[in-house]
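Colleague: Structure provided below as structure tokens; questions to follow.
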Amino acid sequence: MTARLALSRVMAVAWKDLTTERRSKAGFNGVVFMAAITLLMFGFALGPDPAPIRTAAAGLLWLTVLLSGVLAFNRSYELEIEAGALDALLLYPGGRWPIFAGKLLANLAFVLLVEAITVPIAGVLYDLPLLTPLPGLVGVLFLGTVGFVTLGTYYAAMASRVRAREVLLPLLLFPMLVPLLVAAVGATKAVLAGDPMGYGSAWIRLLAAFDIVFLAATFMTFDYVIGE
Amino acid sequence: MPGEQYIYAAYGLTWVVLIVFTTTTLRRVRRAERAARAVALSGETP
Amino acid sequence: MTHTMEPRVSTATAPRAKGSATLIGALIVLALVAAAQAFGFLTSPPDRDMGHLQKIMYVHVPAAWNAFLAFVVVLAGSVMYLWKREEKWDLLAASAAEVAAVLTALTIALGSIWGRPTWGVWWTWDPRLTSTAILLVIIVGYLALRSFVDEPERRARWSAVVGILGALNVPIVYMSVRWWRTLHQPQSSPSTVDPAYAWGLRLNAIAFLLVMIWLVRARYRAARLERISELAAEREALGGRG
């Protein structure tokens, strides 16, 4: 398969997924609502004093992203399996990795969009200074989301095809995401505080390493997951 | 001996886990053997 | 372990002999553990800092080492399955994962029992403790996936990649948790084992290793026999005799 053909396949799959999502909007709206309500509930759980909320804000933000984002991944296969479209997609000759890459891109766009709405809400609710550290914050969010979406898209390819898929996906996914959560929260904390100690760069390197390791591992093994 | 109860707890727990897990493993082997034997016997009669 | 997967092969007589062997094997390995523990108790003086609590080391450390070793077997079995596509490697990985789950849970519980009188808390966010807990949930996820997928070939493929990705994650988890701690407070230095305890520890580790091997072998054997019965039942359902 030439690079050009592969790229057009990747874009076709991504575009198809995003179009389906855009036409229905039910999934997107549901996930955004879930994220907003989670942010609110964390606020209520930590009480009216703003100090503990601000201390925990980076962690709460990432937990919100993980808990609401995980709802999106199974959908990206479910609709297809219901319509029998996945089998047709698999019939195309050549490698299967473009299917994975396309779904990965679509999910990445989806979760980044959710974050674009959620993070400002968190900024308002938790009184976070978002504008000054904005470039660093966007970078950290992007790196963390890439790793999250990579593993989410990968494990959903399995979880969405078994019974009890709602339980199985987080069970497989969340333990794998522990280093990502630790690093993303560390980096976000550092960025929001203006990084006075220079801790941020260590966490960003760890995030990047996590992304590279699992992008490589998932692309190399996706054939085993999707194949019949 | 200070902290004695923790040593009892540790060794007690270890032995409970070892014995329970060994016993369930033995049971599973026994059950699998019986099933496989039944299959083999029924396979031999035409 | 030389059974083929063919249900036509007569297993009528072989299992009986092996069946008693597994029981005797179990008694022998458990007796060795008891003997190693007795040796450890008799030879070790009370530790300068920990007193007799040091004796928990003889169960905690061997359990931890062998849990880790069992997880290495899961990784090896998973890689071999994807390479060779032979069912036995999948069944080996699954058997090792079951044993790894039990030993990891035991390791954490024992660490907690030791931590309570030593550190004053049942749980602390120590890198090794935390990484071990993550390892446990990864193994539980692996076993959950297996229980949710019925088709054996697909189950083997999927659990192999989940096992490999899980193993890949273990060093990253450990590193991240260690940084997480060190960026907050200095890490306590690991105490080297005094020679007075070394032999007791070694013997206990070997005894535990034998228990681990016995458990994996027995469960592997059960898994293969279960597959033989399953295959035969499928054939019968299809109406032919193969």
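The values are calculated or read from the model by the stated rules, or taken from the named source; none is laboratory data. Remember, it's a predicted structure, so these values are computed and weren't measured experimentally. Positions of Cβ are generated from backbone atoms using ideal geometry, with glycine treated the same way; all protein chains shown enter the neighbour counts. Heavy atoms of the whole protein, side chains included, go into the accessibility calculation; ligands, DNA and RNA do not. Shrake-Rupley method; radii C 1.70, N 1.55, O 1.52, S 1.80 Å.
Colleague: Would you point out which residue out of C:G40, C:G19, C:G25 is assigned to a helix (DSSP H, G or I), open to solvent by less than 60 Å² (accessible area, probe 1.4 Å) and modelled with pLDDT under 80? Walk me through how you get there before you give the answer.
Modeller: Working: C:G40 fails: modelled with pLDDT under 80; C:G25 fails: modelled with pLDDT under 80.
None of the others qualify; the one that does is C:G19.
Colleague: On to the next question. Going by what's in this entry, would A:A184 be described as under 17 Å from C:P171 (Cα atoms) and within 12 Å of chain C (Cβ to nearest Cβ)?
Modeller: No, not satisfied.
Colleague: Considering each residue of segment C:155-182, count those that are over 18 Å from the mean Cα position of the chain (by Cα), open to solvent by less than 60 Å² (accessible area, probe 1.4 Å) and either among the charged types (D, E, K, R) or within 7 Å of chain A (Cβ to nearest Cβ) (or both), and give that number. I'd like the intermediate steps shown before the answer.
Modeller: To start, the set of residues in segment C:155-182 that are over 18 Å from the mean Cα position of the chain (by Cα) comprises C:155-158, C:161, C:172-182.
Subsequent filtering for residues that are open to solvent by less than 60 Å² (accessible area, probe 1.4 Å) retains C:155-158, C:161, C:172-173, C:176-177, C:181.
The next check asks that each one be either among the charged types (D, E, K, R) or within 7 Å of chain A (Cβ to nearest Cβ) (or both); those that pass are C:155, C:157-158, C:161, C:172-173, C:176-177, C:181.
Residues in segment C:155-182 being over 18 Å from the mean Cα position of the chain (by Cα), open to solvent by less than 60 Å² (accessible area, probe 1.4 Å) and either among the charged types (D, E, K, R) or within 7 Å of chain A (Cβ to nearest Cβ) (or both): 9 in total.
Colleague: Across segment C:110-140, what is the total count of residues that are part of a helix (DSSP H, G or I) and aromatic (F, W, Y)?
Modeller: Quick first cut of segment C:110-140, residues part of a helix (DSSP H, G or I) only: C:110-119, C:127-140.
Next cut, aromatic (F, W, Y) only: C:114, C:119.
The total comes to 2.
Colleague: Now, a different point. Of the residues A:I37, A:I53, which single one is without any contact (Cβ under 8 Å) to a residue 12 or more places away in the chain, under 17 Å from A:V124 (Cα atoms), assigned to a helix (DSSP H, G or I) and not basic (K, R)? So that I can check it myself, show each step before the final result.
Modeller: Numbers: A:I53 fails: without any contact (Cβ under 8 Å) to a residue 12 or more places away in the chain.
Residue meeting the stated conditions: A:I37.
Colleague: Residues A:V191, A:V167, A:V140, A:V114: which one is within 14 Å of chain C (Cβ to nearest Cβ) and either in contact (Cβ under 8 Å) with a residue 40 or more places away in the chain or over 14 Å from the mean Cα position of the chain (by Cα) (or both)?
Modeller: Among A:V191, A:V167, A:V140, A:V114, only A:V167 is within 14 Å of chain C (Cβ to nearest Cβ) and either in contact (Cβ under 8 Å) with a residue 40 or more places away in the chain or over 14 Å from the mean Cα position of the chain (by Cα) (or both).
Colleague: So which residues in segment A:132-180 are open to solvent by 10 Å² or more (accessible area, probe 1.4 Å) and polar (S, T, N, Q), if there are any at all?
Modeller: Hit for segment A:132-180 is A:T132, nothing else.
Colleague: Going through A:T218, A:T188 one at a time, which residue ends up being among the hydroxyl-bearing types (S, T, Y), closer than 25 Å to C:A156 by Cα and modelled with pLDDT of 90 or more?
Modeller: A:T218
Colleague: Find the residue count for segment C:92-151, including only residues that are of a type in the set (D, E, K, R), surrounded by 18 or more Cβ atoms within 10 Å (Cβ to Cβ) and more than 18 Å from the chain's Cα centre (by Cα).
Modeller: Going through segment C:92-151 one residue at a time, the tally reaches 0.
Colleague: May I ask you to verify whether A:A209 is within 9 Å of another protein chain (Cβ to nearest Cβ), of a type outside the set (D, E, K, R) and either open to solvent by 10 Å² or more (accessible area, probe 1.4 Å) or free of Cβ contacts under 8 Å to residues at least 60 places away in the same chain (or both)?
Modeller: The answer is yes for A:A209.
Colleague: Residue check, A:V213 against (1) in a helix (DSSP H, G or I); (2) at pLDDT below 95, all met but one. Which one?
Modeller: In the conditions (1) in a helix (DSSP H, G or I); (2) at pLDDT below 95, A:V213 misses (2) alone.
Colleague: Further question on the same structure: With the requirement that a residue be open to solvent by 60 Å² or more (accessible area, probe 1.4 Å), modelled with pLDDT under 85 and closer than 13 Å to A:N107 by Cα, what does segment A:1-25 give you?
Modeller: Those that are open to solvent by 60 Å² or more (accessible area, probe 1.4 Å), modelled with pLDDT under 85 and closer than 13 Å to A:N107 by Cα: A:T20, A:R22.
Colleague: In this structure, does A:P179 turn out to be at the interface with chain C (Cβ under 10 Å from one of its Cβ atoms) and closer than 29 Å to A:T132 by Cα?
Modeller: Against the criterion (at the interface with chain C (Cβ under 10 Å from one of its Cβ atoms) and closer than 29 Å to A:T132 by Cα), A:P179 qualifies.
Colleague: Take the conditions open to solvent by 40 Å² or more (accessible area, probe 1.4 Å), within 14 Å of chain B (Cβ to nearest Cβ) and under 20 Å from the mean Cα position of the chain (by Cα) and apply them to C:A67. Does it pass? Give the steps one after another, and end with the answer.
Modeller: Details: open to solvent by 40 Å² or more (accessible area, probe 1.4 Å): no; within 14 Å of chain B (Cβ to nearest Cβ): yes; under 20 Å from the mean Cα position of the chain (by Cα): yes.
Considered against the rule, which asks whether it is open to solvent by 40 Å² or more (accessible area, probe 1.4 Å), within 14 Å of chain B (Cβ to nearest Cβ) and under 20 Å from the mean Cα position of the chain (by Cα), C:A67 comes out as no.
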